[in-house]
Every structure is written in structure tokens, then in C-alpha cells.
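Engineer: Dropping the structure in here first, questions after.
The values are calculated or read from the model by the stated rules, or taken from the named source; none is laboratory data. A quick note: this is a predicted structure, and the numbers were derived from the prediction, not measured. Don't worry about glycine lacking a Cβ; one is built from the backbone with ideal geometry, like all the others, and counts go over all protein chains shown. Quick note on the areas: whole protein, heavy atoms, side chains included, nothing else; ligands and nucleic acids left out. Shrake-Rupley method; radii C 1.70, N 1.55, O 1.52, S 1.80 Å.
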Amino acid sequence: QVRLVESGGGLVQPGGSLRLSCATSGRIFSIYAMGWYRQAPGKQREWVASITTGGSTNYADSVKGRFTISRDNANTVYLQMNSLKPEDTAVYYCNMGTVYWGQGTQVTVSS
């Protein structure tokens, strides 16, 4: 059974940093593109960053220059978040191949 588990969320002050991890397990036979999404209370879930099987990255304008997505092994992904802002507060979700999702991890940036 395929499973994605995010970790690394928590409470941080504005300007601080967090590193999210997404561990994948189960019957995964291919390398997939990976992505991070987030959903703030009362708001639409939005795409944050993605990384292709070849390592190419893309970022939403709202996080460009502050967040870095990376992978160290097939289907293992991280999100380094620097210079955090209150508007970054959300539940962050890991995605694999557009079809698999983690349970989410809460990131709260205090004002």
C-alpha cells in the first residue's frame, strides 16, 4: 500500500525557517514527479513547489526565492522554507505523481 508521510511542521516566528520532509513507502515501482501543496483555513488548496524525476524545480510566485524543493532518493522529497511569513501558515501536503497524497503537516507562522 502506497503511503506518504509528511513531517517537520510546527510553530515558527516570522523570518524563521522550517524543513518539511515527505517519506514514501509501499509498492512504488517508478520514480514520480513530487510536489508540495498547502491549504490555509478558509482558502483554496494551492500548489507550492514541484520537482520532476530529472530534478527540475518549479515554484509558486508566492514562495519563489524563499522555499527550496529537493529530493535525495527516488520519491523522497523535502521542502526547505526560509524567511517564513504569517501568510505561509497552512497545512502542507506532499504529492506524488499527482495522484497520491500525504496526510498533511501543520505549519504556523506567528505574527
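Engineer: Being at pLDDT below 95, out of contact with any Leu (no Cβ under 7 Å at 6 or more places or on another chain) and open to solvent by 50 Å² or more (accessible area, probe 1.4 Å) narrows it down to one of 53, 57, so name that one. Even if it seems obvious, please write down each step before you answer.
Structural biologist: On the way: 57 fails: at pLDDT below 95.
Unique residue meeting the criteria: 53.
Engineer: Find all pairs meeting these conditions: Cβ atoms under 6 angstrom apart; at least six residues apart or on different chains; first residue within segment 67-80 and exposed (fewer than 15 other Cβ atoms within 10 Å of the Cβ); second residue β-branched (Val, Ile, Thr) and not in a strand (DSSP E or B).
Structural biologist: As it stands, the answer is 74/31, since those pairs meet every condition given.
Engineer: Only one of 26, 42, 55, 97 is over 11 Å from the mean Cα position of the chain (by Cα), on the phi > 0 side of the Ramachandran plot and free of Cβ contacts under 8 Å to residues at least 12 places away in the same chain; which? Don't jump to the end; show me each part of the working.
Structural biologist: On the way: 26 fails: free of Cβ contacts under 8 Å to residues at least 12 places away in the same chain; 55 fails: free of Cβ contacts under 8 Å to residues at least 12 places away in the same chain; 97 fails: free of Cβ contacts under 8 Å to residues at least 12 places away in the same chain.
Only one candidate passes the filter, namely 42.
Engineer: Also, quick follow-up: Would you check which residues across segment 1-43 are among the hydrophobic types (A, V, I, L, M, F, W, C), over 23 Å from residue 99 (Cβ atoms) and outside any strand (DSSP E or B) and list them?
Structural biologist: Our first condition is that a residue be among the hydrophobic types (A, V, I, L, M, F, W, C); within segment 1-43, this holds for 2, 4-5, 11-12, 18, 20, 22-23, 28-29, 31, 33-34, 36, 40.
With the extra rule that they be over 23 Å from residue 99 (Cβ atoms), the set shrinks to 11-12, 18, 40.
Matches in segment 1-43: 40 only.
Engineer: Scan segment 86-107 for residues that are closer than 15 Å to residue 19 by Cα, surrounded by 14 or more Cβ atoms within 10 Å (Cβ to Cβ) and of a type outside the set (Ser, Thr, Tyr) and jot them down. It would help to see each step written out before you state the result.
Structural biologist: Here is the first cut: in segment 86-107, the ones closer than 15 Å to residue 19 by Cα are 88-94, 104-107.
With the extra rule that they be surrounded by 14 or more Cβ atoms within 10 Å (Cβ to Cβ), the set shrinks to 88-94, 104-105, 107.
Scanning segment 86-107 gives 88, 90, 91, 94, 104, 107.
Engineer: Right, here's the next one. Any idea how many residues of segment 51-73 are in contact with a Ser or Thr (Cβ under 7 Å, 6 or more places away or on another chain) and closer than 16 Å to residue 6 by Cβ?
Structural biologist: Result for segment 51-73: 2.
Engineer: Okay, next question. Just for segment 6-50: of the residues that are of a type in the set (Val, Ile, Thr) and more than 18 Å from residue 81 (Cβ to Cβ), which one is surrounded by the most Cβ atoms within 10 Å (Cβ to Cβ)? Before the answer, list the steps.
Structural biologist: In the first step, residues of segment 6-50 are kept if they are of a type in the set (Val, Ile, Thr); the result is 12, 24, 28, 31, 48.
Going one step further and asking which of them are more than 18 Å from residue 81 (Cβ to Cβ), we end up with 24, 28, 31.
Numbers: 24: 20, 28: 16, 31: 15.
So, considering only residues that are of a type in the set (Val, Ile, Thr) and more than 18 Å from residue 81 (Cβ to Cβ), the one surrounded by the most Cβ atoms within 10 Å (Cβ to Cβ) is 24.
Engineer: On to the next question. In segment 45-81, how many residues are part of a loop (DSSP other than H, G, I, E, B) and either out of contact with any helix residue (DSSP H, G or I) (no Cβ under 8 Å at 6 or more places or on another chain) or under 11 Å from residue 35 (Cα atoms) (or both)?
Structural biologist: Step one: list which residues in segment 45-81 are part of a loop (DSSP other than H, G, I, E, B), which gives 45, 52-56, 60-66, 74-75.
Retained after the next criterion (residues that are either out of contact with any helix residue (DSSP H, G or I) (no Cβ under 8 Å at 6 or more places or on another chain) or under 11 Å from residue 35 (Cα atoms) (or both)): 45, 52-56, 60-61, 64-66, 74-75.
Number satisfying all stated conditions: 13.
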